[in-house]
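Readers should treat all values here as calculations from the given coordinates under stated rules, not as data from a laboratory. Note that the structure is predicted; figures quoted are calculated from it, not measured. Glycine also receives a Cβ, built like all others from the backbone with ideal geometry; neighbour counts cover every protein chain displayed.
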Amino acid sequence: MDVQLGCCWRCENPIEKEVPCDVCGEAKYCSELCRFRDQWRHTPECVEWRPKQCSNPKCGKVSGQHRECSACCDAWYCGETCQRQHWKDHKPSCQKRTQKIREVGELLKVKFQNLSSGSGMRMKSPHYVGNTLAIDMLNLPGNELSKEDVGSAKTSEQDPLESSYCILSAGCGNLRNWIHTVASLPNEFKGTLHTVLNDCDIFVQARNVLQLYMMIMYSDDPNIAERITTIWYSLHLPEEDYKFLIDCLRALLGSSADSLDKLTGGALNLSETDMTDMRQVWAAWLELECRKGHPNYINLQEQRKRLLYQYEEMKNEMRMYRKELPNELLPSFDEYDKHGNFVPCANAKSRNLQYDNPTLTGYMFAHSQSQATDLEFLLILMSGRFVYCIEYQLMPFSEWDYLKVKKHHYNKSMVTMFHSFISDQIKQTIASIKAGAQRVSIIVCNCLDLSARLDVESYRFDRIFTSNIADFSGTQALLKAMKPLLNRANKSSTIITQYYGWYLSVPDSMVYGEITAAQTTLQAPQRVCEISSCAILAAYDINSDYYEDMLSRHPSTMTEECDKVIDTGMFFCQEYFNNMNWFVSYLRAECMAVNKGSQLTKPPSFQKVKQSEGLQLRDFRRGNSNKVVPFRYRRNARPVNMTRGMDRMLEWHFP
């Protein structure tokens with residue numbers, strides 16, 4: 001669960017008198033009112049965590065000791081007798097599910113083979129802005145500092161607050177996860193943290209090195225955190241920030257890997273080969289004419305407008321996104337959407353924003369080119385020039401947790417609110433760097449090839465975060481590559497795998513997941529359909545005005561609206577579906593696909609999946625089992641974040 005221990009699962013306030021869910025006992029609330037309000041969102045969780053009812057209708061016994069059908073994982077029995085008695089009735093659905101797993105497994109096998117060979121690979125534009133929320137990759141309070149881990153090897157030798165830790169972020173993307181991890185360290189932390197940031201994208205890594213350089217070399221500048229935040233996200237820059245950026249790019253262009261290591265006191269290191277490749281990116285940024293009014297002005301706002309607004313899909317997504325936003329935030333979002341400015345003031349027009357931000361440019365690769373409908377813009381994309389390259393669904397509000405942001409500093413201006421939070425995260429990170437607690441290594445390569453770039457005998461990581469690489473390689477292949485790097489001496493060592501697009505391989509999970517939320521006391525007008533009911537429940541939780549608007553519609557119009565909600569890909573009603581079994585089916589199909597050497601005639605059991613590569617999966621179906629990151633985030637609690645109800649994170653550890 002993504003709520004801090006001891007806080008209410010609905011309002012997140014500290015619990016004085018606990019009111020647990022009276023069915024599963026896992027969900028905790030501060031009042032009966034909060035429990036009532038959370039019932040629709042919590043129902044799919046509750047179904048998974050509550051004691052199971054024997055699937056044999058002649059029995060129906062309820063117990064927490066029932067065993068599931070290992071073939072489909074969709075039926076539960078109190079014993080072999082009931083399972084045999086029910087087999088005749090259960091057989092059709094069981095065989096249908098196992099056949100579906102085989103089919104998905106075959107599709108995934110082809111997908112993984114194509115991606116590993118390079119065929120079928122669609123290059124993506126640089127992810128300067130992430131598509132998932134920043135996480136704390138270490139989370140000491142829930143691990144080394146937790147009561148149950150007091151007797152671990154690491155804590156028995158040294159105080160966890162004075163220990164040295166090592167983190168690998170494979171497929172890291174931008175710096176948000178590292179910054180949030182450092183900023184989340186306990187105030188009493190006196191140890192050190194060595195982080196290896198690995199990504200195969202030279203553009204992203206060039207930008208990461210630039211921002212790290214700014215943090216380290218200008219740590220005494222009282223305005224450096226705000227300046228970095230503006231350069232990170234804003235389409236247009238004040239003159240002083242632009243000149244600062246140019247000075248940093250020129251300094252990096254004239255540096256070697258060795259000199260950079262010395263300049264930063266060993267806080268930042270990378271290979272000369274990677275540095276040479278990054279220089280090409282920095283040089284290209286320096287060559288761009290960014291001053292408004294110049295004859296060769298790059299005009300990123302026009303490029304952004306063409307990229308964002310030529311696709312009907314994007315228009316629908318933005319329309320639905322606006323409906324979810326609290327009304328008081330709409331003016332500030334519309335202002336950001338129009339201009340792309342992310343500056344720390346309520347009125348961006350009052351600032352002298354005469355320069356475009358060159359670090360928001362790069363190559364727009366094949367998939368963006370194939371989608372372009374504007375011929376002139378297509379020629380720009382294919383020209384090999386550096387152009388604005390932020391995907392339309394990515395923005396600052398998509399990668400920082402709104403719940404944490406508004407708690408830090410709530411403001412009716414989304415830009416002001418998020419800018420303040422991000423700047424504070426960077427300030428805390430800079431303070432930790434100045435204290436000598438941080439060291440960062442940058443490696444540009446495919447994460448599956450990391451063993452060739454790292455001294456396996458020297459590196460032992462306490463946490464390995466793998467982004468959503470499993471979507472492209474398969475979990476087992478990824479675990480096989482990461483396991484040798486995991487620190488066996490630390491009981492809390494964990495590998496985290498993330499799943500961003502799993503549902504695309506199991507499309508039935510989108511519609512045919514068990515819609516338990518529809519069986520609630522909230523009555524939808526005429527119950528037009530179960531999916532519409534889920535969409536209404538989501539709208540009720542997220543935006544009461546939108547909910548009232550939907551209730552006022554004719555049933556046919558409401559159904560059409562709900563269909564649009566699902567088709568846009570925003571998925572704001574997906575957490576009201578119980579598609580847990582479909583996710584389990586996906587993991588089993590994925591296991592079939594990766595085990596190329598064995599001719600599996602039937603899907604592996606989930607028990608086998610949970611013990612992949614000699615590691616143990618924390619079983620997300622048994623309640624709040626994850627200890628580092630949430631299994632999934634509550635979508636309905638984050639109307640400002642463009643998160644989806646379908647994303648998942650798993651944790652693996654040594655048995």
- prompt: Taking 0.36 nm per residue of separation and subtracting the Cα-Cα distance, what length does fully extending Arg319 through Cys24 add?
  reply: 102.5 nm
statement: For the pair Lys338 and Asp619, the simple spin-label estimate (label points 7 Å beyond Cα toward Cβ) gives in nm 5.6 nm
query: What net charge is computed for the residues neighbouring Arg102, neighbours being all others with C-beta under 12 Å from the C-beta of Arg102, Lys and Arg scored +1, Asp and Glu -1?
result: +4
- request: Provide the convex hull volume over Cα atoms per residue for the stretch 572-655, in Å³.
  value: 112 Å³
field: Chain lengthening between Lys88 and Lys61 when straightened (0.36 nm per residue, less Cα-Cα)
entry: 7.8 nm
message: I need the shape label for the stretch 183-239. Rule: rounded when a/c is under 1.5, else prolate if a/b > b/c, else oblate, with a, b, c from the alpha carbon gyration tensor.
response: oblate
task: Using per-residue counts of other Cβ atoms within 10 Å, averaged over each peptide, order 405-411, 23-29 from highest down.
output: 23-29, 405-411
- prompt: Spin-label point model (7 Å from Cα, Cβ direction): what's the Lys305 to Arg37 distance in nm?
  reply: 4.1 nm
task: Work out Dmax and Rg for the stretch 169-306 from the C-alpha atoms and quote the Rg first, both in angstrom.
output: 16.1, 55
